[in-house]
Amino acid sequence: MSDRIVNWAGNVTFDAKRLHRPSSVAEIRDLVAGAPKVHALGTAHSFNRIADSPGDLVSVAGLPRLMDIDSAGRTVTASAGLRYGELAPYLHENGFALHNLGSLPHLSIAGACATGTHGSGERNGGLATAVSGLELVAAGGEQVKLDRTSELFPAAVVGLGAFGVATSVTLDLQPTFEVEQHVYDGLPFDAFREHFAEVMGAGYSVSAFTAWAGTLTIWLKRRVDGPPAPAGRWLGATPADGPRHPVPGMPASNCTEQLGVPGPWHERLPHFQLEFTPSSGEELQSEYFVARRDAVDALVALDGIRDRIAPVLQISEIRTIAADDLWLSPAYGRDSVAFHFTWVKDTAAVTPVLAAIEERLAPFAARPHWGKVFVMAPDLLAERYERLRDFATLARRHDPAGVFRNDMLDGLASMDW
């Protein structure tokens, strides 16, 4: 238990009165059955109150460690609180891989999926698209098992904690593979704009980092069994002469190995190593998703307010994500490009810039990341996430007393919970 519960960045002090760390599913069932309000908490890497509760919080990190591989079915069932960085080496040792990973291996599987965390790659769906099964403790304390044939499945996988406390997750696997990571410095903005498709399609997973100051740094992660990385000078960019950190001035020792050295997928797809804290937490984060077809126009629109973005920015990252059919996924129904912003930790200075970004991206029906800071009004959220009202209807049916709802979920209004 803790009297003061804060998120990873320290910008949110949770309203929850207690944080429980049960060691069994039976304890979670008893807790949920007896609590008027409860919500699951992952690794607390959200930057808003999506994981808060006016009652109790429950972490599943203390559940027995489960990593059960079905080799014939090419799936793994894992405890929901397990971090990706803990599961991935075990999969690799047994000849398997996940299709995608986020930039941080520190995130819990259930928490990352529940908020739509995504990784990168034009042909790669977000992390939640690997989910083929989900086990929840639902309202009333009953245990529910979902698979892709379940009515609840497309709503509950990126479910914002509204359907219960996840206890285990089953993920699709593929054969393990190796990746090289190449970094290119100084790509001119105009070259990026003109060759956007070429740059973002040049590797298995590609990230473009920019401070909105005229140039970009490209992190290109290529499968060793795939097309080669560009050699030498590329569209005006030059291969990095040493390892880099996404945020200039931060130690590159925290990052995964670069300079084209091949290694297992789980040691290259994330930007950061599990053994290191990726940064001090002195930051805020936002992210907006637009359709892939609008990427260049959205890029130009944001560049038009670079003078407002840059003063409160640490770094921005641009990534691609394949479309999926999960209702509250930011990539629902459309191949997407995500514009991510790591801000200085100053809410008052960042908030008006968020309003300006959302105004600039309005013509492209931008969707905000559920776990990061945004100022978008609830009626616009319900337009951008067109299954949001369907989501609310199912959540109300399966949790009529609103045990799992919190102030942020209630504030998604324009919906009759």
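Some observations on this one:
- Here is the figure for segment 1-47: residues that are modelled with pLDDT under 90, farther than 19 Å from Leu284 by Cβ and touching a Phe, Trp or Tyr at 6+ places or on another chain (Cβ under 9 Å) total 1.
- Residues located in segment 147-179, provided they are on the phi < 0 side of the Ramachandran plot, assigned to a loop (DSSP other than H, G, I, E, B) and touching a residue at least 12 places away in the same chain (Cβ under 8 Å): Arg148, Glu151, Leu152, Val157, Val158, Gly159, Ala162, Phe163, Leu173, Thr176, Phe177
- Residues located in segment 376-397, provided they are surrounded by 15 or more Cβ atoms within 10 Å (Cβ to Cβ), hydrophobic (A, V, I, L, M, F, W, C) and either assigned by TED's automatic domain parsing to the domain that holds Pro248 or out of contact with any Gly (no Cβ under 9 Å at 6 or more places or on another chain) (or both): Met376, Leu380, Leu381, Ala382, Leu388, Ala392, Leu394
- When Ala348, Ala323 are checked against the criterion of being out of contact with any Pro (no Cβ under 9 Å at 6 or more places or on another chain) and without any contact (Cβ under 8 Å) to a residue 60 or more places away in the chain, Ala348 stands alone in meeting it.
- Which numbered condition Gly371 misses (of (1) surrounded by fewer than 22 Cβ atoms within 10 Å (Cβ to Cβ); (2) not in a helix (DSSP H, G or I)): (1)
- Considering segment 190-299, the qualifying strands (runs of 3 or more DSSP E), each wholly inside and each with 3 or more residues that are charged (D, E, K, R), run over 215-223.
- Qualifying residue in segment 261-283 (condition: under 24 Å from Leu302 (Cα atoms) and among the polar types (S, T, N, Q)): no
The values are calculated or read from the model by the stated rules, or taken from the named source; none is laboratory data. The structure displayed is predicted, hence computed values, not measured ones. Glycine also receives a Cβ, built like all others from the backbone with ideal geometry; neighbour counts cover every protein chain displayed.
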